Amino acid sequence: MSWLLPLSHTVTLTVVHVRRGICGLGMYYAVRRGRKTGVFLSWTECKAQVDRFPAARFKKFATEDEAWAFVRNSSSPEGSKGESVVVYTDGCCSSNGRNRARAGIGVYWGPGHPLNVGVRLPGRQTNQRAEIHAACKAIMQARAQNISKLVLYTDSMFTINGITSWVQGWKKNGWRTSTGKDVINKEDFMELDELSQGMDIKWMHIPGHSGFVGNEEADRLAREGAKQSEN
């Protein structure tokens, strides 16, 4: 698909927290090799990662997409067979934990992408469920497009820890915690775990509300979804 953004499956990234700060002329500073890899919004932050670092690789770009492509060591903006595809997911819930809670999920594949979606979360309205089901939606979309390799960015460490670490212990314990209690969001994680089977997914944490377009757009879509009526 010509809309999909690639990422070499051999590259592991550490997403670092950045400030909005002073961005000069809106430039993005990409560090491919340094103390921390990622995209920074100021030269000061970039310099801290590359100054006196052996064989540091960094470059300045006018757009965030170009900067991330450099970090990922990908020269082509188009997806191709065998490459990972990048997607951002987010969930939100207004009045979380209250009777009038409204939750939505957002999935962002890229600017103007036809698979971008923001919908109301069905069932119990909580922020944690919204985060999990945003990831579920992205994986379902990927499967429908015959995409088997994903790099999924989310600002929910709860979702990442659940699917990459905790779920294995839960399954061995019959979907109970180490103390014998029922797993919170059991059905939601069961669905996410089933959808993930046979998929090559890199789960990446990205700080929320830190100026990254993909995360901001996923958040916007989730908030739009929360305003919709339940089906």
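The values are calculated or read from the model by the stated rules, or taken from the named source; none is laboratory data. Owing to the predicted nature of the structure, the values given are computational and were not obtained by experimental measurement. Using ideal geometry, Cβ is built from the backbone for each residue, glycine included, and neighbour counts are taken over all protein chains shown. The area values use the complete protein model at the heavy-atom level, side chains included, leaving out ligands, DNA and RNA. Shrake-Rupley method; radii C 1.70, N 1.55, O 1.52, S 1.80 Å.
For the peptides 174-184, 119-129, 146-156, residues were scored by their other Cβ atoms within 10 Å and the scores averaged per peptide; the highest-first order is 146-156, 119-129, 174-184.
In sequence order, segment 200-206 has phi-based couplings of 9, 10, 9, 8, 10, 8, 10 Hz under the Karplus curve 6.51 cos²θ - 1.76 cosθ + 1.60, θ = phi - 60°, and Gly or Pro positions carry x. Taken one residue at a time, the phi angles of segment 116-133 give Karplus couplings (6.51, -1.76, 1.60, θ = phi - 60°) of 4, 8, x, 9, 6, 6, x, x, 4, 9, 9, 5, 5, 5, 4, 4, 5, 6 Hz. Gly and Pro are set to x. Near LEU121, within a Cβ-to-Cβ distance under 9 Å, what is the net charge of the other residues, with Lys and Arg +1 and Asp and Glu -1? Cβ neighbours under 9 Å give a net charge of +3.
Here LYS47 is the anchor, and the lysines within straight C-alpha reach of less than 24 Å, apart from those fewer than 8 places off in the same chain, are LYS36, LYS59, LYS60. Listed values for segment 37-49 are Karplus-derived 3J(HN,Hα) couplings in whole Hz (6.51 cos²θ - 1.76 cosθ + 1.60, θ = phi - 60°), namely 8, x, 10, 10, 9, 8, 5, 4, 5, 5, 4, 4, 8, and x replaces Gly and Pro.
Among DSSP beta bridges whose residues both lie in segment 87-231, state the antiparallel percentage, nearest 5.
In segment 87-231, approximately 60 percent of DSSP beta bridges are antiparallel ones.
Using a probe of 1.4 angstrom and keeping all protein chains present, the accessible surface of segment 114-156 works out to 36 square angstrom per residue.
Close amide H contacts of ILE201 (hydrogens built in the peptide plane, cut-off under 5 Å, sequence separation of 5 or more or a different chain): LEU150. Each principal axis of the Cα cloud of segment 128-231 was evaluated for its coordinate range; sorted largest first, these ranges are 40, 32, 29 Å. Amide H to amide H, with H built 1.01 Å from N, ASN116 comes under 5 Å of TRP109, counting only residues 5 or more places away or on other chains.
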